[in-house]
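Structure record follows, encoded as structure tokens.
The values are calculated or read from the model by the stated rules, or taken from the named source; none is laboratory data. As the structure is a computational prediction, the values presented were derived from the model and not from experiment. A quick note on method: Cβ atoms are made from the backbone with ideal geometry, for glycine too, and the neighbour counts reach across all protein chains shown. The protein model used for the area step is the full one, side chains on, heavy atoms only, and it has no ligands, DNA or RNA in it. Shrake-Rupley method; radii C 1.70, N 1.55, O 1.52, S 1.80 Å.
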Amino acid sequence: MCQRCQSLIKAIDRYLAKADDDLADELKDEGRAIPQDSVQMVSDMEDGIAAALVSQTNYFIKKIKAQKSVAALMDVFDEIKAGDVYCDEIATVAMEQFKKYIPKMVVDYTAAVDGGIKITAVSKRTTAWIDSWSHELSEIMKLNSHTEIENILKTALENGDSIATVTRTILDSGIRDEYYKARRVAMTEMFRAQNVSKYESSMQTPCITGKKWRHTGIGKPRPNHQDMDGQTVDKGKPFTLIGADGATYYPMYPIDPLLPAGEAINCHCITEDVVDESILGLPVEERQRLRDEALAALDEEWEKEVDEKYRAMVGLPTEE
Ligand SMILES: [Zn+2]
């Protein structure tokens, strides 16, 4: 390798290492759990998602090149979309990362408030969420890709462009910038994991009774999130957020998956715990017993919900 290339690669490595250090520092300042591990999570998730998106682009380019004209391509495009399995890998990547880091984050968040009690498991609801959200995320990314490519095809059809122009547009326009996209998604998902974990920790930690929305001021501020600053609710109750689209949302935490992407991407809002000092002052065995009971109640409630959903689905009467 030439001298210049080597020094360039070193410079890029230094830049990335510095960016990672900065991110770890920022996470620490925001009071996030396991800052170093979280940086690793972003990096691993980014690699996995980028690889899936690159495979997806290659698949579409290959299929598009096999067609003689854009009109012919349009006729078989539904078939081509149906053959796109490349984003499925994103579900696997996301699930792996969530499963690896969410339990650690929950333990870390609890330790910061009550170092005496032990968190031995993540609730069934959160475990099920990891699975369902990972699949939903891959589905969303798949559909976004399809919309992107379809828009290029529509324009090409209107302009009477050739297949060669279409493939060039897909490859050169930057619209498929897989690494940029992967980075953005990985960051959002790491912050989402943080917030899910903090919520889970609060539900298992007896001395935490409520939560306060905090706008950290990092990144480009959203005025409607600035308005949320200070909103305080019981830990098991949702916040009320007026979206930029005018709709009212009830998120349990910032970046709750029920929020649209416009309210989630790059959101650095956090929640602050409301702590009942009298509960924190109870003997540790008592706090642990309350925690164990809280988890059992959470799991029982979740199982009941799943059971009712199943009964409704198959038309059985719901139990009183
Ligand atoms: Zn925010």
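Straight-distance candidates among the lysines for linking to Lys65, with alpha-carbon spacing under 23 Å and chain neighbours fewer than 8 residues away dropped: Lys81, Lys142, Lys154.
Taken along the Cα-to-beta-carbon direction at a fixed 7 Å, the label points for Tyr250 and Gln36 span 4.2 nm. Taking every pair of alpha-carbon atoms in the chain, give the share separated by more than 31 Å as a whole percent. In whole percent, the long-distance tail amounts to 44. Computed from the C-beta positions of Ala51 and Asp13, the FRET efficiency with R₀ = 22 Å rounds to 0.65. Per-residue Karplus couplings for region 155-168, computed as 6.51 cos²θ - 1.76 cosθ + 1.60 with θ equal to phi - 60°, are listed in order as 4, 4, 5, 4, 7, x, 6, 8, 4, 4, 5, 4, 5, 4 Hz, Gly and Pro entered as x. Spherically averaged projected area of the convex hull of Cα atoms, region 138-231: 9.1 nm².
Along the axis of the charge dipole computed for region 92-213 (Cβ charges of +1 for Lys and Arg, -1 for Asp and Glu, origin at the Cα centre), the listed residues His146, Thr188, Ile102 are led at the positive end by Ile102. Taking the Cα centre of region 34-204 as origin and assigning +1 to Lys and Arg Cβ atoms and -1 to Asp and Glu Cβ atoms, the resulting dipole is close to 180 debye. With the cut-off at under 15 Å, measuring from each backbone N in region 169-201 to a point 7 Å along the Cα-to-Cβ line of Asn266 picks out 180-189. Taking every DSSP helix (H) stretch of at least 4 residues in the chain, weighting each as -39,500 (n - 2.57) and dividing the sum by the residue count yields a mean residue ellipticity at 222 nm of -23000 deg cm²/dmol. Once the chain from Ala164 to Asp307 is taken as fully extended at 0.36 nm per residue, the excess over their C-alpha distance is 46.1 nm. The accessible-area ordering, largest first, of the residues Tyr59, Tyr101 stands as Tyr59, Tyr101, per a 1.4 angstrom probe. For Glu300, the solvent-accessible surface computed with a 1.4 Å probe is close to 130 Å², ligands and nucleic acids excluded. Each 10 Å bin from zero up to the one holding the largest Cα-Cα distance in region 34-204 carries the following percent of pairs: 10, 33, 25, 16, 10, 5, 1. Modelled spin-label separation between Thr147 and Glu79, with each label point placed 7 Å from Cα along the Cα-to-Cβ direction: 2.7 nm. On the basis of the beta-carbon distance and an R0 of 25 Å, Asp227 and Glu26 show a calculated FRET efficiency of 0.60. Pairs of Lys residues in region 206-281 are counted when their Cα atoms are under 20 angstrom apart and they lie 8 or more places apart or on different chains; the count is 4.
Rounded to the nearest 10 square angstrom, Phe77 shows an accessible area of 10 square angstrom against a 1.4 Å probe. Here the dipole of the chain is about 1100 debye; that uses its Cα centre as origin and unit charges on the Cβ of Lys and Arg (positive) and Asp and Glu (negative).
When +1 charges are put on Lys and Arg Cβ atoms and -1 charges on Asp and Glu Cβ atoms, the dipole computed for region 206-281 relative to its Cα centre reaches about 140 debye.
Length gained on full extension, Leu258 to Asp234, computed as 0.36 nm times the residue gap minus the Cα-Cα distance: 6.7 nm. Report the one residue of Gln67, Met41, Leu16 whose Cα lies farthest in the direction of the positive end of the charge dipole of the chain (charges on C-beta: Lys and Arg +1, Asp and Glu -1; origin at the Cα centre). Farthest towards the positive end: Gln67. Between the residues Trp213, Ala247, Ala261, the greatest Cα displacement towards the positive end of the dipole of region 206-281, with unit charges on the Cβ of Lys, Arg, Asp and Glu, is found for Ala261.
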